[in-house]
Amino acid sequence: MASSWETVNVNGQKMDVYLSLPDGPGLFPAVVVSQHGGGVDQFIKEMSDRLAAEGYAAAAPNLFHRYSEEMLADRSKRVQHMSDLDIVADINATVDFLREHQFVSSDRIGITGFCMGGRVTWLAAATNPHFAAAAPYYGGNLMVTWGKGTQAPFELAEGINCPILFHFGEDDENPSQSDMRKLDEELTRLGKTHRFYTYPGADHAFMDYTAVRYQKAASEISWPRTLDFFAQHLKAGA
């Protein structure tokens, strides 16, 4: 496995992307890894590396590349600077980068993400036609727009054309269990293929082993489910 920082152009701006590649020759299926509030930090790089170890080219774009040091200073306020239009542009540029990469199979790309990255995962699946699978983890704020967005990710669900695997913490307040039911009802109404899992006693950020809300049981159950899901939709029949 090899990892590196790559540079991607987004509407004339440079965005850094953490890229982790499996050993051996491609073509590999790929997964976009959407960051949480900590950015592309130890946890996000570790999840990308885990995917590479399973045979996926994993790309984690730095969605904070427009931020100044002052904007990054308070982690709790970072999402206040986010804009859905910028997020879509960043994810689209990452997908284009993967589709053009010499070691990537351009028609076998998935996406996953954690916390704000779970929201990004839903938004990306609803706005980019190239995803073959999407696995958000505890993505909240799906019913509101960010920045210059005109429609909340929830309102864009009609555009989702890939299977969704969504992981929820039972004790999480955003997304809450009520939010989960609303999301489930909407995807069911639209006839979208999806499966939701709730993990008892788990709160928000239960996957992040660097955080106080990490829950080992939920982490160890949900990750194999995600790998099976990606194997089914990104590897099967390849």
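In summary, residue 32 fulfils each of the numbered conditions (1) under 22 Å from residue 141 (Cα atoms); (2) not in a strand (DSSP E or B) with the single exception of condition (2). The residues on offer are 134, 157, 93, 125, and the sole one that is within 13 Å of the chain's Cα centre (by Cα) and farther than 17 Å from residue 225 by Cα is 125.
For the condition over 29 Å from residue 56 (Cβ atoms) and either under 13 Å from the mean Cα position of the chain (by Cα) or surrounded by 16 or more Cβ atoms within 10 Å (Cβ to Cβ) (or both), residue 152 qualifies. Of all residues in region 73-96, those satisfying the criterion of being among the charged types (D, E, K, R) and surrounded by 14 or more Cβ atoms within 10 Å (Cβ to Cβ) are 78, 84, 86, 90, 96.
Rundown of residues vs (1) out of contact with any strand residue (DSSP E or B) (no Cβ under 9 Å at 6 or more places or on another chain); (2) hydrophobic (A, V, I, L, M, F, W, C); (3) modelled with pLDDT of 95 or more, yes/no style:
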| site | (1), (2), (3) |
| --- | --- |
| 52 | no, yes, yes |
| 79 | yes, yes, no |
| 85 | yes, yes, yes |
| 97 | no, yes, yes |
| 104 | no, yes, yes |
| 133 | no, yes, yes |
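I'd like to check something: does region 148-165 contain any residue that is hydroxyl-bearing (Ser, Thr, Tyr) and at pLDDT 95 or above? There is no residue in region 148-165 that is hydroxyl-bearing (Ser, Thr, Tyr) and at pLDDT 95 or above. Being of a type in the set (D, E, K, R) and in contact (Cβ under 8 Å) with a residue 60 or more places away in the chain is a condition met by at least one residue of region 140-158.
Listed here are the residues, each with its yes/no results for (1) touching a Pro at 6+ places or on another chain (Cβ under 7 Å); (2) without any contact (Cβ under 8 Å) to a residue 12 or more places away in the chain; (3) crowded, with 21+ Cβ neighbours inside 10 Å.
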{"position": "98", "(1), (2), (3)": "no, no, yes"}
{"position": "127", "(1), (2), (3)": "no, no, no"}
{"position": "134", "(1), (2), (3)": "no, no, yes"}
{"position": "189", "(1), (2), (3)": "no, yes, no"}
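Among the residues of region 228-238, those that are surrounded by 15 or more Cβ atoms within 10 Å (Cβ to Cβ) and either under 17 Å from residue 196 (Cα atoms) or out of contact with any strand residue (DSSP E or B) (no Cβ under 7 Å at 6 or more places or on another chain) (or both) comprise 229, 230, 231, 233.
Of all residues in region 26-38, none satisfies being surrounded by 15 or more Cβ atoms within 10 Å (Cβ to Cβ), more than 23 Å from residue 135 (Cα to Cα), modelled with pLDDT of 95 or more and not charged (D, E, K, R). Scan 99, 108, 78 and give me the residue that is outside any strand (DSSP E or B), basic (Lys, Arg) and touching a helix residue (DSSP H, G or I) at 6+ places or on another chain (Cβ under 7 Å). Unique residue meeting the criteria: 78.
The values are calculated or read from the model by the stated rules, or taken from the named source; none is laboratory data. All of these numbers come straight from a predicted model, not from anything done at the bench. Because the Cβ atoms are built from the backbone with ideal geometry, glycine has one as well, and the counts that use them run over all protein chains shown.
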